[in-house]
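Reviewing the structure listed below.
The values are calculated or read from the model by the stated rules, or taken from the named source; none is laboratory data. Computed from a predicted model, the values in this text were never measured in an experiment. When we count neighbours, we look across all protein chains shown, and the Cβ atoms used for this are built from the backbone with ideal geometry, even at glycine. Just the protein is used for accessible areas: all its heavy atoms, side chains included, with ligands, DNA and RNA removed. Shrake-Rupley method; radii C 1.70, N 1.55, O 1.52, S 1.80 Å.
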Amino acid sequence: MAEPADPELIPASDACALLGISPATLYAYVSRGQLSSRPGPDPRSRVYLRAEVERLAQRKRAGRGAARGAAQSLDRGLPVLETRISLIRPDAPYYRGRSAVAAARAGATLEDIARLLWECEEQDPFAAAPPAAWPERVAALALDAALPPLERTMACIPLLALEQRQSLNAAAPVRREVAAMLLRQNAALLVGTQPDARPVHRLLADAWQPGDAGFAELVRSALVLCADHELNVSAFAARVVASTGAHLHATVSAGLAALSGPRHGGATARAHALLLDAEASGAPAAFIAERWRRGDELPGFNHLLYPDGDPRGSEMLRQLRERCGELPRMRHVETVLAATAEHSGQHPNIDGLLAAICYVHGLPGAHALVMFAAARLTGWLAHALEQQALGTLIRPRARYTGLAPGR
């Protein structure tokens, strides 16, 4: 078979050689979502992204031997810490043993999930007085609509910590009340309004589509499905900071900082851009086919932890179809979904569906990240509370690979 024209794409024989595996094992990696493939020069061949293959080969090398296996423990796929908060299974993420998908279908709110994850269903931290209006030193930033949502929030939360007298109080009821206040304040900061006692999904929906009950329900389900996802990058960052004994405002700041990276929170923006670019092309199915043929990624699709499809994305897609199936923008989303399934076999993930909710309703793509950040704060706080209850410091060791002393 002739070599692919694109140097970033390699044939199956080269992929097998780099990985030291048979073609059957290579196909198994693809089926499990560990690698992706594209059509090759002839209809019966497949080619593979060189960068993906080399990353997988590097992980395989790091996994050989006890010392290297330990060194890889901070990479995706190997457990790092024990937690009782959430479990990832093919059918759903589970929050303390309860299906997140089932909770979204049953009408749970983000506050319901917070009470579950924070283990305070008997003592409601949201029953406390709602947060007061922003302090004078914070108000100018908090209500500045010209600032990007994540940056506005990251700027204000450390200042709000100065107003919190009991930020280092170790009593569990006090800490949960601080967490509840933070959940409300974070949501209000993300949309640039005053905090109040409305459920978070209503606060967001009223800011973007006032009076649209169907949209509010979509936001509610999205928040529930995004509340936690085990030890992802931002949850781990928040947990590391919490292990030092820092107050909850600091752990939230760490989570937001990690989320701001394009390889984490930026996924929703790329998924939204894909929908817009496909629309602008005038031929969305052909646009997707060509993009896949070139070896470009399809943001908003596929998930390494769900090789058979992200159940959170599937549930949001079902609800979006139910409420918006006849809208022209939803028909465009369906075209993109169908073309992606035909050419890549990939399913939409939760990032793609957050972007689709915004696209269908004519909202900016940045709102997808706002939904994600408003929801995921729930999990960060759960991890912070769990870690500080353990009373241990997270301090992994490094395996030095630099220049030896004395040379």
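Report yes if some residue within segment 358-372 is closer than 30 Å to A238 by Cα, of a type outside the set (F, W, Y) and touching a strand residue (DSSP E or B) at 6+ places or on another chain (Cβ under 7 Å); otherwise report no.
no
Looking at (1) in contact with a helix residue (DSSP H, G or I) (Cβ under 7 Å, 6 or more places away or on another chain); (2) at positive phi, which one does E230 not meet, given that it meets all the others?
Only one criterion in (1) in contact with a helix residue (DSSP H, G or I) (Cβ under 7 Å, 6 or more places away or on another chain); (2) at positive phi is unmet by E230, namely (1).
When you scan segment 163-172, do you find a residue that is closer than 18 Å to T378 by Cα, at pLDDT 85 or above and of a type in the set (A, V, I, L, M), even just one?
yes
Please find, within segment 322-341, the residue that is most open to solvent (accessible area, probe 1.4 Å) out of those that are in contact (Cβ under 8 Å) with a residue 24 or more places away in the chain and not hydrophobic (A, V, I, L, M, F, W, C).
Filtering first and then ranking leaves R323.
Testing A187 on (1) open to solvent by less than 10 Å² (accessible area, probe 1.4 Å); (2) within 18 Å of A242 (Cα to Cα), one condition comes back false. Which one is that?
(2)
Hey, can you tell me all the residues within segment 8-23 that are aliphatic (A, V, I, L, M), part of a helix (DSSP H, G or I) and either over 32 Å from the mean Cα position of the chain (by Cα) or within 9 Å of V53 (Cβ to Cβ) (or both)?
A15, A17, L18, L19
Can you tell me how many residues within segment 53-79 are more than 15 Å from A235 (Cα to Cα), open to solvent by less than 70 Å² (accessible area, probe 1.4 Å) and modelled with pLDDT of 55 or more?
Result for segment 53-79: 4.
Report those helices (runs of 4 or more DSSP H) wholly inside segment 80-166 carrying at least 3 residues which are surrounded by 13 or more Cβ atoms within 10 Å (Cβ to Cβ) and within 20 Å of the chain's Cα centre (by Cα). Spell out the reasoning first.
Numbers: elements: 100-105, 110-117, 136-142, 149-161.
Fully inside segment 80-166 and qualifying: 100-105, 110-117, 149-161.
I need the helices (runs of 4 or more DSSP H) fully contained in segment 221-321, keeping only those with at least 3 residues that are open to solvent by less than 10 Å² (accessible area, probe 1.4 Å) and either over 29 Å from L116 (Cβ atoms) or not aliphatic (A, V, I, L, M) (or both).
248-259, 266-281
Could you identify the single residue in A269, A254 that is under 21 Å from H303 (Cα atoms) and small (G, A, S)?
On the way: A254 fails: under 21 Å from H303 (Cα atoms).
A269 is the lone residue from the list that is under 21 Å from H303 (Cα atoms) and small (G, A, S).
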